[in-house]
Amino acid sequence: MMKILAELIGIEAKLQIDWVLVNTCLQFASWGLFSLLLAEVLRDSYHALCHQVSWLAKWHNKHHMAYRRDLSIVSLKTYQDSQLYHDILESTLLVVVLIVIALVVGQMGLWLGVAYACTFLFGASQRYILGTIDTDYNHLPGPLETTPSVWWVNRSYHWRHHFDDVNAYYSGVFPLVDKILGTGLSLKGKTIALTGASGALGQALAAELLKNNAKVVALTTNPEKLVEQAGVKVIPWQLGNEAELRDSLEKIDILIINHGVNVYASRTPQAINSSYEVNTFSALRLMDLFLTTVTGSQAKATKEIWVNTSEAEVSPALSPLYELSKRALGEIVTLKRLDGDCVIRKLILGPFKSQLNPYGVMSAQQVARAILFLARRDYRNIIVTINPLTYVLFPLKETSTWLYYRVFSKTAKNHS
């Protein structure tokens, strides 16, 4: 008996977890992850400062001078100068700062960030000495084949920094700093069209867009109801005649689909037809029409569609036909996003006071400001509501729906 007990104690001793080792590993991993994040924040913050501080801009401008609009280099010498005066300088400063932080704090995990920064310095040095561009991933020449990524900085994302707005899109690998600064989407100089322009939200959005130095085109089926705003171009249109807007949409950078109808408790055939025709089908026709204007790689990087699908995608709106028609629109928007023709954002909005909802608890001005605040931080699903459940339910619904559609549907090109 004593022998068996001794054996059990021996087995327990062998299986005993070394908590000191586990704690050391977790501590190293935590500080290592922090150091990688810190490296990105420091590098992108330096980049942003290069556009705000004149003596830093003198060196950084050599980087911008090196590329043509298709990201081909102007000349080998100009490219090598850009590597020396920007990339190598930036990487060297980053390595030095991170080494100082690692020495002062005294955590081994911080040296992971130093090693990460050294990869940037090595790549920049190689490009300067050898004159090669194949490791300069965000500046490889050629057409832009994808839309700007929301999770990391791809070529289309960074192209906008060079040729859309140099005072935005500062991030180099992960767009964290752009999300903090609100430089993940520049509205400056963009021509933005919005439907439902005579409504409360339409007019509030137009006012906020003007404050962000955008050019606004108001698309309205009720021009007589539209309050005149300086700097807003008004284009009347009629339901069912969306094709007549084709030439106007050619010149539009961002289309905001915001019109809708609410028949409340009605369920007559006329109410059903009206709800789906206005809330679903006309919106889809406008989307398809706008997508035909996304031609050329640069349009893929800059053109966008924002669709007001509303909180009714996941929550009751006390209006069954409004919910059904808006949910149908939301589902098809999710399906269309899979094709990657351009950036498509959803506006998932809670109850705000308007002609459709006189009992809304939020103001249209508050909602408009919140939409642009989140859009400039490159949120693709812009949720503005007082209902906390929507912030939980919508991401779950959207992710599961996206995955289902991804697995069980194909593009027209793939299907053929």
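Can Val100 be described as of a type in the set (A, V, I, L, M), surrounded by fewer than 18 Cβ atoms within 10 Å (Cβ to Cβ) and modelled with pLDDT under 95?
On the way: of a type in the set (A, V, I, L, M): yes; surrounded by fewer than 18 Cβ atoms within 10 Å (Cβ to Cβ): yes; modelled with pLDDT under 95: no.
Judged against the criteria, Val100 is not a match.
Looking only at the range 281-320, filter to residues that are under 19 Å from Ile382 (Cα atoms) and polar (S, T, N, Q); which one of those is farthest from the chain's Cα centre (by Cα)?
My answer is Ser315.
Could you please give the count of residues in the range 77-88 that are crowded, with 18+ Cβ neighbours inside 10 Å and among the aliphatic types (A, V, I, L, M)?
1
Within the range 292-309, take every residue that is of a type in the set (Val, Ile, Thr) and surrounded by 15 or more Cβ atoms within 10 Å (Cβ to Cβ) and give me the one that is nearest to Gly330 (Cα to Cα).
That would be Thr309.
When you go through Leu209, Leu194 one by one, which is the residue that is buried (at least 18 other Cβ atoms within 10 Å of the Cβ), of a type in the set (A, V, I, L, M, F, W, C) and in a helix (DSSP H, G or I)?
One residue alone meets the criteria, Leu209.
Taking Ala102, is it of a type outside the set (S, T, N, Q), part of a helix (DSSP H, G or I) and under 28 Å from the mean Cα position of the chain (by Cα)?
The answer is no for Ala102.
Counting only residues that are within 30 Å of Tyr404 (Cα to Cα), give me the helices (runs of 4 or more DSSP H) lying completely in the range 217-332 with at least 1 of them.
Filter on the range 217-332 gives 269-276, 282-291, 297-302.
Could you count how many residues in the range 124-150 are free of Cβ contacts under 8 Å to residues at least 24 places away in the same chain and part of a helix (DSSP H, G or I)?
Of the residues in that region, 4 qualify.
Considering only residues that are in a loop (DSSP other than H, G, I, E, B) and closer than 20 Å to Val333 by Cβ, which ones fall in the range 378-394?
Within the range 378-394, Asp378, Tyr379, Arg380, Thr385 qualify.
Is it the case, given these coordinates, that Ala328 is surrounded by 20 or more Cβ atoms within 10 Å (Cβ to Cβ) and of a type outside the set (Phe, Trp, Tyr)?
no
Determine which member of the set Phe373, Phe394, Phe352 is closer than 30 Å to Asn167 by Cβ and in contact (Cβ under 8 Å) with a residue 24 or more places away in the chain.
The conditions single out Phe373.
The values are calculated or read from the model by the stated rules, or taken from the named source; none is laboratory data. Keep in mind that what you see is a predicted model, and the values were worked out from it rather than measured. Because the Cβ atoms are built from the backbone with ideal geometry, glycine has one as well, and the counts that use them run over all protein chains shown.
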